[in-house]
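Below: the structure, in structure tokens.
The values are calculated or read from the model by the stated rules, or taken from the named source; none is laboratory data. Since the structure is predicted, the reported quantities are computational estimates derived from the model, not experimental observations. We place every Cβ from the backbone using ideal geometry, glycine too, and count neighbours over all the protein chains shown.
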Amino acid sequence: MDRWFLIWFVYVAGTASVFEIACTVVPFLDKYYSLAARTVFWFVVAHSIFVFTRDKIFKQRVKAGNKAVFITGCDSGFGNQLAKQLDSKGFRVFAGCLFSYNGGAAELKRSCSSRLHIVHLDVTKDESVQKAKEFVKNNLAGCDLWAVVNNAGVLKGFTVEFSKMSDYQDTLEVNTLGQVRVTNAFCPCSESAGEGSSTSTASQGEPVAPTWQPTQ
């Protein structure tokens, strides 16, 4: 059920209840009840329509213009889909892929326009991140680096009992330190645009799972 319908119903029910109580306490208001109820009803309807259409129709949308976006983890998942969507909307997209010649990278090359560039990126390596930064800077073609999306992430291990120390190390290296490397490297580039932003999301991450503990 749409939440706006629920809001509308609460408005109407609440207003009707208030009028019923008021007419009981002050009887002479009863003759104005019909007019007042009708007025409030249409006010609530108009207000609900306004709120609904404001977000659906009149919401300000970002125009691609001369904006570029750098996305990590575009081999699959959210990063891959976001790269396609931003390319279709006219943004210049730099898609960071661990495997830059096959899989998701090859699919992006086939399905997207020339505005999208595949960038080899291993977020666990400082040298790889720096090379990616230089590639982006040299291929902006007059665009501003408007946003950096830290999407690269891994899912390793399970519960404490079944996870290896290497699982924790790999997860930390990619999901945490990888984001720090990318953000530190690209922040100066996006800040120079005057409105740069950085966001973090991932298709994969460490789930919270119950653990087993023996009792005495």
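Quick rundown of the values:
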item: Any hit, the stretch 2-25, residues being at pLDDT 70 or above and among the charged types (D, E, K, R); result: yes
item: Subset tally (residues that are in contact (Cβ under 8 Å) with a residue 24 or more places away in the chain and in a helix (DSSP H, G or I)) for the stretch 89-130; result: 8
item: Total residues in the stretch 79-108, condition at pLDDT below 90 and either within 24 Å of Val62 (Cβ to Cβ) or acidic (Asp, Glu) (or both); result: 0
item: Some residue of the stretch 166-176 being in contact with a Gly (Cβ under 7 Å, 6 or more places away or on another chain) and either at pLDDT 95 or above or among the charged types (D, E, K, R) (or both); result: yes
item: Lone unmet requirement of (1) of a type outside the set (Phe, Trp, Tyr); (2) closer than 19 Å to Phe99 by Cβ; (3) not in a loop (DSSP other than H, G, I, E, B) for Val148; result: (2)
item: Selected residue [surrounded by 15 or more Cβ atoms within 10 Å (Cβ to Cβ), within 23 Å of Cys97 (Cβ to Cβ) and at pLDDT below 90] from Ala193, Ala202; result: Ala202
item: Of all residues in the stretch 114-127 being more than 22 Å from the chain's Cα centre (by Cα) and closer than 14 Å to Asp75 by Cβ, the one that is surrounded by the fewest Cβ atoms within 10 Å (Cβ to Cβ); result: His120
item: Total residues in the stretch 130-149, condition surrounded by 21 or more Cβ atoms within 10 Å (Cβ to Cβ) and over 18 Å from Lys67 (Cβ atoms); result: 1
